[in-house]
Amino acid sequence: DQQVKQNSPSLSVQEGRISILNCDYTNSMFDYFLWYKKYPAEGPTFLISISSIKDKNEDGRFTVFLNKSAKHLSLHIVPSQPGDSAVYFCAASARIQGAQKLVFGQGTRLTINP
Amino acid sequence: DAMVIQNPRYQVTQFGKPVTLSCSQTLNHNVMYWYQQKSSQAPKLLFHYYDKDFNNEADTPDNFQSRRPNTSFCFLDIRSPGLGDAAMYLCATSTLDGYQPQHFGDGTRLSIL
């Protein structure tokens, strides 16, 4: 049972345009959501997050939107740059036994074309 | 820079031969996690330490063990690796604040011969 899903394994976007990555979740207990970026041979790097009490969080070119009723979040990157080419993981968090337990989606490979 | 460091980056072991992966952190975080990521799949939590308290995920095989001798170090021991254990193993740390991100190391890629 996959609690966090990224339905698009890959996405190709022209440089300068908007990239939109999507993520759906099923568990209402999740209260914190994160996006991580991963380059080959490196660990995931934290990009941006949002708590369940908000519906939008913005950091420079990156904006995350949360729609709790639809159990859906999205990451917008604008304008997209070639350095944004990477695999993006959506993760959802619930606090259990004093720790933050993350459930990851399977990732979306974003390619930015010059 | 404060960080999470995993050693070695690449590990090759023989089928059934015990192997230990290591993780160290300079962030002084209370919580340390181990994840397994197989090719084209999502990272999957194996277990975590909250200080010295060990918390195993229900579906983590008994073959996988962990040790945390102090705040800075955490080890993943695979007692008898099988071919299905070939994967990337990721270590992460976090504070007790549930609204702060986990910080990941660059992982150890484990191959089984």
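Just rank A:Ser28, B:Ser94, B:Ser22, fewest to most, by other beta-carbon atoms within 10 angstrom.
A:Ser28, B:Ser22, B:Ser94
Among B:Pro69, B:Asn28, B:Leu96, pick out the residue whose Cα is farthest towards the positive end of the charge dipole of chain B, where Lys and Arg carry +1 and Asp and Glu carry -1 on C-beta, about the Cα centre.
Comparing the listed Cα positions along the dipole, B:Pro69 ranks first.
Return the distance in nm (one decimal) between the two label points of a simple spin-label model at A:Asn57 and A:Tyr39, each offset 7 Å from Cα along Cα→Cβ.
My value for the distance between the label points is 2.4 nm.
For B:Phe73 and B:Val12, calculate 0.36 nm times their separation in residues minus their Cα-Cα distance, and state this gained length in nm to one decimal.
Length difference between fully extended and current span is 19.8 nm.
Using a simple spin-label model with points 7 Å from Cα along the Cα→Cβ vector, what separation in nm is obtained for B:Leu96 and A:Lys68?
2.6 nm
Just A:Ala94, A:Ala41, A:Ala86 to compare: in a GNM of chain A, with alpha carbon springs under 10 Å, which one fluctuates most?
A:Ala41
Within 10 Å of each Cβ of B:34-40, how many other protein chain Cβ atoms are there on average?
Counting Cβ atoms of other protein chains within 10 Å of each residue's Cβ and averaging gives 2.
Can you tell me how chain B classifies by the Cα gyration tensor, rounded, prolate or oblate, using a/c under 1.5 as the rounded cut?
Prolate is the answer for chain B, as a/c is 1.5 or above and a/b outweighs b/c.
Do you know the relative contact order of chain A, to the nearest whole percent, from alpha carbon pairs under 8 angstrom that are 6+ apart?
Reported as a whole number, the value is 36 percent.
Give me a single rounded figure for B:51-59: the average over its residues of other chain Cβ atoms within 10 Å of their Cβ.
Whole-number average of other-chain Cβ neighbours for B:51-59 is 1.
Let me know the mean shielding of B:102-113 by other chains, meaning the per-residue number of their Cβ atoms within 10 Å of its Cβ.
For peptide B:102-113, the averaged partner shielding equals 3.
I'd like the distance separating the alpha-carbon centroids of segment A:1-52 and segment B:30-100, in whole Å.
Spelled out, the Cα-based centre of one part sits 21 Å from the other.
Among A:Lys71/B:Lys52; A:Lys5/A:Lys101; A:Lys68/B:Lys44; A:Lys68/A:Lys101; A:Lys56/B:Lys52; A:Lys37/B:Lys52, which pairs are too far apart, with a Cα-Cα distance over 26 Å?
From the list (A:Lys71/B:Lys52; A:Lys5/A:Lys101; A:Lys68/B:Lys44; A:Lys68/A:Lys101; A:Lys56/B:Lys52; A:Lys37/B:Lys52), the Cα-Cα distance tops 26 Å for A:Lys71/B:Lys52; A:Lys56/B:Lys52; A:Lys37/B:Lys52.
Read-outs: derived from the displayed coordinates by stated rules, not from any lab. In this text, all values refer to a predicted model and were calculated from it rather than measured experimentally. Counting neighbours? That spans all protein chains shown, and the Cβs are built from the backbone with ideal geometry, glycine included.
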